Structure formats: C-alpha cells, structure tokens
Amino acid sequence: MTDTRPTFFLDGETLSIAQLLSLGDGAVQLRLSDEAWQRVKEGRQVVDDVVASGRVVYGINTGFGQFATTTIEPAKLQELQVNLIRSHAAGVGERLSICRVRRLFALRINVLAKGHSGVSVGTLQQLLDAWNASCLPMVPMKGTLGASGDLAPLSHLALGLLGEGIMWNPSTGDWAPASEVLSQHALRPLSLQAKEGLALINGTQFVTSLACEALDRALCLARAADVIAALSVEALRGTYRAFEPILHKVLSLLPLDTHATATKHTKRTKHTKHT
C-alpha cells in the first residue's frame, strides 16, 4: 500500500521543538535528506575501516565498562552488540505513551542522521521503516541515567527492533510480541554490525524528548498566566502601571528582561481587549 502521508525530512541539524512534538501523532512519513545519508555512509566507513584493519577501538571490538580492555574477536562482534542491548533493557514502570515513543524514536533517528554514531545505512533505513509503519517498541518510563545516558529506555527501543520484547501493533491497536508485529508488517528484525548496538543506545533522547514536551507545556502555562493577569486587572478596573519594567528592575531579584516580557504580554493583552 502506498503511503500517502506528507513527507517530513530529517537532516540531523534543523529539527525544532515544535516539529518534534508534531511528530507524535504519526501524521507524516519520515525520510532522511541526501546530505544526511551521505554523512551516515561516511561515518559507517570509519567503523568498517577499523574492523578491517584489526585495530582495537573501544566500543567496536572491545568490551564495555570494566571490560574495556578486553578485545573481542571478529566472529563475536555481532553477538556483542546484541548482548549489550539485552543487558541494558532493564527499565521498569508504566509504558511510555504511543505519541511519546514516536517522538523518542524520531529524535533518535535524527541524531543518527548526523553520521557520528557509525550506524549503517541499512540499519537506519529499517528504523525509518518501523517508524513509518507505526511499529513502536515498548519503552518503560523508569530506568534512565539522565545526563549519563538513556541506556535503558533506548535499549528497549532497540530491543523491539531486534524482534524481541513487546511492540505496538498498529493493525490491532494493542501490544504484541515484537517478532509477530514486525512479521505482520513485512519488516525484518535488525541484524547489527560492529558498534551498531552502542550507536542505538548511547544518547539522551528519552529525557530530551520529554523535556521538549515539558518546555512546550510550560510556555503554554506562561502565556495563559499573562492572559489571566491581564483579564484580572481589567475585571478589577486596575492599572497596568504596576507592571512597569522600571519598578521590577528596582524591586525584583530577577533580571529586567524576565519581567519586561511578562509586562509586555500583559499590556498587549489589555490593549487588544479595547481594540
């Protein structure tokens, strides 16, 4: 079936908060810009060159953490990446909502589009295909390390794409085994190459996507507060002279610009009511 939804291009550089939030409803199909694909190819070539040369590089052919000095033989590099994801998929708590998983997923794709992670073109295309099909892995709410990395949430995101764990089935509107969901929608489980497991889970897109939502809601509340203040002054037949910036510059510990913005909004709202 042909996808008739509008196309939204990710390039790893220009995604705004408003755009990210709008992706939560799945009303568009995602694609990468040509420039992004080129960066991904170049980044992957660096990893392939390391593997071919036999040089020892952390995260590519070594263990992780305490095992960083342990060299992994080439035949076990794929197993290493899969085990990394399985071992870190240890989140708990309620499931992230579908729209939030979409945002998290899209933001992770956007970061990989920068070309710095060494993910392959094939793997990134599979991520795009899963997002466009609304086949979304189950991600628990708890488990992130914050600024140290969203290892657990991102591992759950990757786990479903491996065909393990639980995934949202858009055909039934319910959760189901990831392997079944992928098969029903003609999607293949990921087959990871060297470093790709690390590339999929090393980041902070879980907390970033939630922070974008929180910021948007905070801005809405701030705008509502300005309107409420203006209407309250109007209803009480008050004066907006109390909001003059010079007063707040003298009396407040906060910078003038902070109060000037609120004052401007309040005065503008009051003025709009009379025009």
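List of remarks:
- Taking all protein chains into account, the per residue accessible area for region 1-97 stands at 61 Å² (1.4 Å probe).
- Using Cβ point charges alone (K and R +1, D and E -1), the dipole size of the chain about the Cα centre works out to roughly 1100 debye.
- C-alpha long axis of helix 34-53 to longest principal axis of the chain, angle in °: 40 degrees
- By a 1.4 Å probe calculation restricted to protein chains, Lys76 has an accessible surface near 100 Å², given to the nearest 10.
- When the surface is traced with a 1.4 Å probe over the full set of protein chains, Ile17 keeps roughly 70 Å² accessible.
- On Cα atoms only, tilt of 98-112 relative to the major axis of the chain in degrees: 70 degrees
- Among 24-30, 80-86, the order from most to least packed when residues are scored by Cβ within 10 Å on average: 80-86, 24-30
- Rounded, prolate or oblate (a/c below 1.5 giving rounded, otherwise prolate when a/b exceeds b/c) for region 101-256 by Cα gyration tensor: prolate
- Placing unit charges on each Cβ (+1 for Lys and Arg, -1 for Asp and Glu) gives region 34-155 a dipole about its Cα centre, and among Leu127, Val46, Gly91 the Cα reaching farthest toward its positive end belongs to Gly91.
- Ligands, DNA and RNA aside, Glu196 has an accessible area near 0 Å² when probed at 1.4 Å.
- GNM top mover of Thr144, Thr69, Thr123 - the chain, alpha-carbon springs below 10 Å: Thr69
- A Förster distance of 35 Å, applied to the separation of the beta-carbon atoms of Val250 and Ala224, puts the FRET efficiency at 0.80.
- Global geometry of region 183-250, whether rounded, prolate or oblate, following the gyration tensor of its Cα atoms and the 1.5 cut on a/c: oblate
- Cα-based helix-to-principal-axis angle, 77-88 vs the chain, degrees rounded to 10: 40 degrees
- If you sort the three axes of the alpha carbon gyration tensor as a ≥ b ≥ c, you get a/c of 1.5 or more for region 1-98 and a/b no higher than b/c, which makes it oblate.
- When the chain is reduced to its Cα atoms, the Kirkwood hydrodynamic radius in Å: 21.3 Å
The values are calculated or read from the model by the stated rules, or taken from the named source; none is laboratory data. Values in this document were obtained by computation on a predicted structure and should not be read as measured data. Note that each Cβ is placed from the backbone with ideal geometry, even for glycine, and that neighbours are counted across all protein chains shown. Heads up: the accessible areas ignore ligands, DNA and RNA and are worked out on the full protein's heavy atoms, side chains in. Shrake-Rupley method; radii C 1.70, N 1.55, O 1.52, S 1.80 Å.
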